[in-house]
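Q: Here you go, one structure.
The values are calculated or read from the model by the stated rules, or taken from the named source; none is laboratory data. No experiment lies behind these values; they were computed from the predicted model shown. Positions of Cβ are backbone-derived with ideal geometry, glycine not excepted, and every protein chain shown enters the neighbour counts. Quick note on the areas: whole protein, heavy atoms, side chains included, nothing else; ligands and nucleic acids left out. Shrake-Rupley method; radii C 1.70, N 1.55, O 1.52, S 1.80 Å.
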Amino acid sequence: MASEIEENQRNGIEMEKVTLKYPKMTVEEAYDVQSQTIQRYRDRGDEMVGWKMGLTSVAKQKSMNVEEPIYGRLTNSMKLSTPTLKMENLIHPKVEPEFAFLINKELKGDQLQVKDVWEATKEVYPALEIIDSRYKNFSFTLTDVIADNASSSKFILGKEGFPPEYTDWDNVKVTMFVNGDEVQSGYGKAVLDHPVNSIIELSKMLNRTGLSIKPGMIVLVGAITEAVSVKKGDYLEVNYETLGQLNLNVTD
Ligand code: 0L1
Ligand code: MG
């Protein structure tokens, strides 16, 4: 299953839900498939650079009938170094405004407090995540989406990171424009009431399999607004108040 998913992620190929074939797959097994998929990225010389959290809004959890978020793995090849998203090898991408925490001290365990996270955070960046489920019509069950690396595809960080004390991250307003039209807006608190909670939750979930957030890793904490579908020719501007603006050109 991991080989098939890795190939489809790399080439942007749609696939049937894996639960059609394996309806009894558990959440633990799905994370194992995710881990084995990313091992195949590493075997090709890619490097794991962090984690992403998904389903961090109550609305999204309800729509999937779950009570906790999910996580995925980020690799170097997913990082965009220029604000251009090529549609080549993508299926039906959507963009989410997020924050990315740059961690500089290991975070481990299920008992972390808010102050532990801030002490281990070097900087917070405005960021965009591009999700692109490999499943037809973005339709999947919880275990399907975990196996497909929580729909991870690409991400881009803002040019400048900010220290934890720079602002109240839950009250930052983010507004997204596509081709000049405002399409979405939301506040940092859309992420589990406060983006810092997402890191606490991630550490708790990773701890179940003895994993942790290592120094130098980036964590995308979860979407601040609904995800927005994009197509070739679109131009996105995403405004993060005093944190600046992120742009994205969608090309073929
Ligand atoms: O990053 C996300 O919130 C996406 C998680 C997976 C669910 C989806 O693809 O919508
Ligand atoms: Mg996301």
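Q: Might you check whether a residue that is touching a residue at least 40 places away in the same chain (Cβ under 8 Å), more than 21 Å from A127 (Cβ to Cβ) and assigned to a helix (DSSP H, G or I) occurs anywhere in region 35-50?
A: Checked region 35-50: at least one residue is touching a residue at least 40 places away in the same chain (Cβ under 8 Å), more than 21 Å from A127 (Cβ to Cβ) and assigned to a helix (DSSP H, G or I).
Q: Separate question: Among (1) open to solvent by 50 Å² or more (accessible area, probe 1.4 Å); (2) within 23 Å of A59 (Cα to Cα); (3) small (G, A, S), there is one condition A227 misses while meeting the rest; what is its number?
A: Among (1) open to solvent by 50 Å² or more (accessible area, probe 1.4 Å); (2) within 23 Å of A59 (Cα to Cα); (3) small (G, A, S), the lone unmet condition for A227 is (1).
Q: Among (1) buried (at least 21 other Cβ atoms within 10 Å of the Cβ); (2) aromatic (F, W, Y); (3) within 15 Å of ligand 1 (Cβ to nearest atom), there is one condition Y125 misses while meeting the rest; what is its number?
A: That leaves (3) as the condition not met.
Q: If you don't mind, another one. Tally time: how many residues in region 82-112 are touching a residue at least 24 places away in the same chain (Cβ under 8 Å) and out of contact with any strand residue (DSSP E or B) (no Cβ under 8 Å at 6 or more places or on another chain)?
A: Here the count works out to 7.
Q: Then there is this: Cβ-Cβ below 8 Å, separation at least six or inter-chain, first residue in region 131-151 and more than 15 Å from ligand 2 (Cβ to nearest atom), second assigned to a strand (DSSP E or B): which pairs?
A: From region 131-151, the pairs are R134/M15; Y135/M15; K136/M15; L142/I70; D144/Y135.
Q: Does region 190-207 hold any residues that are among the charged types (D, E, K, R) and under 19 Å from L102 (Cα atoms), and which are they?
A: E201, K204
Q: Residue under question is K94, and the condition is that it be surrounded by 15 or more Cβ atoms within 10 Å (Cβ to Cβ), more than 16 Å from ligand 2 (Cβ to nearest atom), among the basic types (K, R) and within 30 Å of E160 (Cα to Cα); does it hold? Let's see the steps before the verdict.
A: Numbers: surrounded by 15 or more Cβ atoms within 10 Å (Cβ to Cβ): yes; more than 16 Å from ligand 2 (Cβ to nearest atom): no; among the basic types (K, R): yes; within 30 Å of E160 (Cα to Cα): yes.
No: the conditions fail for K94.
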